[in-house]
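Reviewing the structure listed below.
The values are calculated or read from the model by the stated rules, or taken from the named source; none is laboratory data. Small disclaimer: the values here were computed from a predicted structure and weren't measured. Here the Cβ positions follow ideal geometry from the backbone for every residue, glycine too, while neighbour counts run over all protein chains shown. Calculation scope for accessible area: heavy atoms of the full protein, side chains included, ligands and nucleic acids excluded. Shrake-Rupley method; radii C 1.70, N 1.55, O 1.52, S 1.80 Å.
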Amino acid sequence: MPPSYAHEGDAGADLRASEAVQLQPGQRALVGTGVSIALPDGYAAFVVPRSGLAAKHGITVVNSPGTVDAGYRGEIKVTLLNTDTEHTFAVEIGDRIAQMIVMPVSRAVFIPVDELSESVRGANGFGSTGISS
Ligand SMILES: O=c1ccn([C@H]2C[C@H](O)[C@@H](COP(=O)(O)OP(=O)(O)OP(=O)(O)O)O2)c(=O)[nH]1
C-alpha cells in the first residue's frame, strides 16, 4: 500500500482511484478510492481537490469539501469534475485524484434567543468592508 502522504508535512492524505475513468470535457464521475475508515467521534474528514490537477487539467471535486462523517464505514468516493472545455482527462487506477483532511469538529445546536450579542460587524456582510461611505 502506498504511503498516505506524498510529503512530510502535508495536511491532506492522498486519495487514489480504485477504478479507471475517462472524464470528457464538462463531465463528472463518482470515482471509488477503495478506502474505508473509522474516524473517532468528534472528527470529520474533508475530501478536497489537488491543486496540481486543478491548475494543469481543470480537475476539481464537485462537492468540495466532501464531508466524511465519523460514523461512515462505506467506501470514500470522489465526485470528480472535468472543468476543461476541450480535453478529456483519463484517470488510471492508483492515480492520486484528491486529498483528505481530517479535522476535529464541533457539532452545532441551534438555541432560539430574542437577541444576539453586539459585534463590530453587526449584520453587514457580502463585501461590506473596505468601502468608503
Ligand atoms: O465526497 C464525499 C462526501 C461524502 N462521502 C460519504 C461519506 C459521508 O459520511 C457520506 C454522506 O455524505 P453527506 O452527508 O455529504 O451526504 P448527503 O447527501 O447529505 O447524504 P446522507 O443522507 O447520506 O447524509 O458519504 C464520500 O464518500 N465522499
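Name the residue, out of L30, L39, L23, that is within 18 Å of the chain's Cα centre (by Cα) and surrounded by 15 or more Cβ atoms within 10 Å (Cβ to Cβ). Reasoning before the result, please.
Numbers: L30 fails: surrounded by 15 or more Cβ atoms within 10 Å (Cβ to Cβ); L23 fails: within 18 Å of the chain's Cα centre (by Cα).
The conditions single out L39.
Candidates in the range 56-70 are the residues that are of a type in the set (V, I, T) and assigned to a strand (DSSP E or B); of these, the one that is farthest from the chain's Cα centre (by Cα) is I59.
With the condition kept exactly as written, say whether any residue in the range 100-119 is under 24 Å from P3 (Cα atoms) and either open to solvent by less than 60 Å² (accessible area, probe 1.4 Å) or in a loop (DSSP other than H, G, I, E, B) (or both).
Taking the range 100-119 first, the residues under 24 Å from P3 (Cα atoms) are 100-104.
Narrowing further to those that are either open to solvent by less than 60 Å² (accessible area, probe 1.4 Å) or in a loop (DSSP other than H, G, I, E, B) (or both): 100-101.
Yes, the range 100-119 contains at least one residue that is under 24 Å from P3 (Cα atoms) and either open to solvent by less than 60 Å² (accessible area, probe 1.4 Å) or in a loop (DSSP other than H, G, I, E, B) (or both).
Filter the range 71-98 down to the residues that are assigned to a loop (DSSP other than H, G, I, E, B) and of a type in the set (G, A, S), then identify the one that is farthest from R16 (Cα to Cα). The selected residue is G71.
Quick grid of which residues meet (1) over 19 Å from R73 (Cα atoms); (2) among the hydrophobic types (A, V, I, L, M, F, W, C); (3) in contact with a strand residue (DSSP E or B) (Cβ under 6 Å, 6 or more places away or on another chain):
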site: S4; (1), (2), (3): no, no, yes
site: G9; (1), (2), (3): yes, no, no
site: V21; (1), (2), (3): yes, yes, yes
site: Q24; (1), (2), (3): yes, no, no
site: A29; (1), (2), (3): yes, yes, yes
site: V47; (1), (2), (3): no, yes, yes
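Give me the residue from the range 61-77 that is under 24 Å from P40 (Cα atoms) and more than 6 Å from the ligand (Cβ to nearest atom) and, out of that set, most open to solvent (accessible area, probe 1.4 Å). Full working, then the answer.
Of all residues in the range 61-77, those under 24 Å from P40 (Cα atoms) come to 63-77.
Imposing the further condition that a residue be more than 6 Å from the ligand (Cβ to nearest atom) reduces the set to 64-65, 70-71, 73-75.
On the way: S64: 52, P65: 70, A70: 17, G71: 64, R73: 136, G74: 25, E75: 58 Å².
Selected residue: R73.
Residues of the range 6-20 being within 20 Å of I93 (Cβ to Cβ), open to solvent by 40 Å² or more (accessible area, probe 1.4 Å) and not small (G, A, S), which ones? Hits for the range 6-20 are R16, E19.
Before we move on, is G130 within 14 Å of the ligand (Cβ to nearest atom), open to solvent by 40 Å² or more (accessible area, probe 1.4 Å) and in a loop (DSSP other than H, G, I, E, B)? Against the criterion (within 14 Å of the ligand (Cβ to nearest atom), open to solvent by 40 Å² or more (accessible area, probe 1.4 Å) and in a loop (DSSP other than H, G, I, E, B)), G130 does not qualify.
Considering every residue within the range 81-88, establish whether at least one is under 21 Å from P2 (Cβ atoms), in contact (Cβ under 8 Å) with a residue 24 or more places away in the chain and either surrounded by fewer than 15 Cβ atoms within 10 Å (Cβ to Cβ) or in contact with a strand residue (DSSP E or B) (Cβ under 7 Å, 6 or more places away or on another chain) (or both).
Taking the range 81-88 first, the residues under 21 Å from P2 (Cβ atoms) are none.
No: zero hits.
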